[in-house]
Amino acid sequence: MKRRVMAVCGMLACGLASADAKFEQLSVRIEQNATDQDFEFVVEATGGDTGFAALTVRAPDGRVVARFEAPKSGLGMRTFRLETPEPKSFARLQADYPAGDYTFTATTVTQLQLSDTARLSHQLPAAATFVRPRPHESGVAPGGLRIEWRPPAGLKSCVLTIENDVTEVKVVQATLAGTASTFQVPDKLLEAGATYKIAIGSVAQNGNASYVETLFSVAK
């Protein structure tokens, strides 16, 4: 499961921070691959123009779940993205990463101190259902392909990706409205005779996501 989508939480830098030293985005979320039946915990943090010299993320129970230090860097780091392995057991992931507020604290290369929280929910959205192309369908016309699916209700957004199954090059990567159920693939984008992996992600209001994947083959 290598699909990614961002959940933006409340983002307020502490009073010492300037406009270019702040958390621009924070995210803690769970992504489910409903096809492979596995799960992963994802944490992301993006700062402003001033890089981080240190960043710590603590779980609601006080445990440090991520820590970064760059004491000898003049620029620091602006964006962090960490993800766990993908266990088949959701209960195991829940036990290691409990629901609640995760605290992000950071020090910039100019010694400004930042602190904020992002909330993790264990509630996962339902997955979408493929309509067209059908799962593992072969002989799909290389032009005029209209992808169709049935989305669950109440989504924040829908993520669609199509990649060549051999080269792993993404030819489509789109974030759509939560109510979206179709996508017209531009002509001449698909290669005759190639096999593609298509993934549709249901993104909930809490930022968690459920993905379904399948393959289809283009006619020669």
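Side notes on the structure shown:
- Computed over neighbours whose Cβ is under 11 Å from that of Thr182, the net charge equals +2, Lys and Arg +1, Asp and Glu -1.
- Within straight-line cross-link reach of Lys88, lysines at Cα separation under 17 Å, skipping those fewer than 8 residues along the same chain: Lys2
- Point-charge dipole on Cβ atoms (K/R +1, D/E -1) for the chain, about Cα centre, debye to 20: 200
- Relative intensity, log₁₀ I(q)/I(0), of the stretch 143-204 from a Debye sum that treats every alpha carbon as a point, q = 0.16, 0.19, 0.26, 0.29 Å⁻¹: -0.52, -0.70, -1.11, -1.26
- Quarter of Cα convex hull surface for the stretch 39-160, i.e. mean projection, nm²: 11.5
- Helical mean residue ellipticity (222 nm; -39500 (n - 2.57) per DSSP H run of 4+; nearest 500) of the chain: -1000 deg cm²/dmol
- For the chain, a Gaussian network of Cα nodes joined below 10 Å ranks Arg63, Arg119, Arg29 by mean-square fluctuation, and the top entry is Arg63.
- Extension gain from Glu83 to Leu215, taking 0.36 nm per residue of separation minus the Cα-Cα distance: 45.0 nm
- Where labels lie 7 Å past Cα in the beta-carbon direction, separation of Gln184 and Glu168 in nm: 3.3
- Nearby lysines by direct alpha-carbon distance to Lys220 (threshold 25 angstrom, same-chain neighbours under 8 apart not counted): Lys170, Lys188, Lys197
- Per residue, the stretch 51-162 exposes 54 Å² of solvent-accessible protein surface, assessed with a 1.4 angstrom probe and all protein chains in place.
- For the chain, a Kirkwood hydrodynamic radius built from all Cα pairs, placed in the Stokes-Einstein relation at 37 °C and 0.692 mPa s, yields a translational diffusion coefficient of 173 µm²/s.
- In the complete set of protein chains, residue-level accessible area for Ser217 is approximately 40 Å², probe 1.4 angstrom.
The values are calculated or read from the model by the stated rules, or taken from the named source; none is laboratory data. Just so you know, these numbers come straight off a predicted model, no measurement behind them. Every residue, glycine among them, receives a Cβ derived from its backbone with ideal geometry; neighbour counts consider all protein chains shown. For the accessible areas, the whole protein counts, side chains as well, though only heavy atoms, and no ligand, DNA or RNA atoms are used. Shrake-Rupley method; radii C 1.70, N 1.55, O 1.52, S 1.80 Å.
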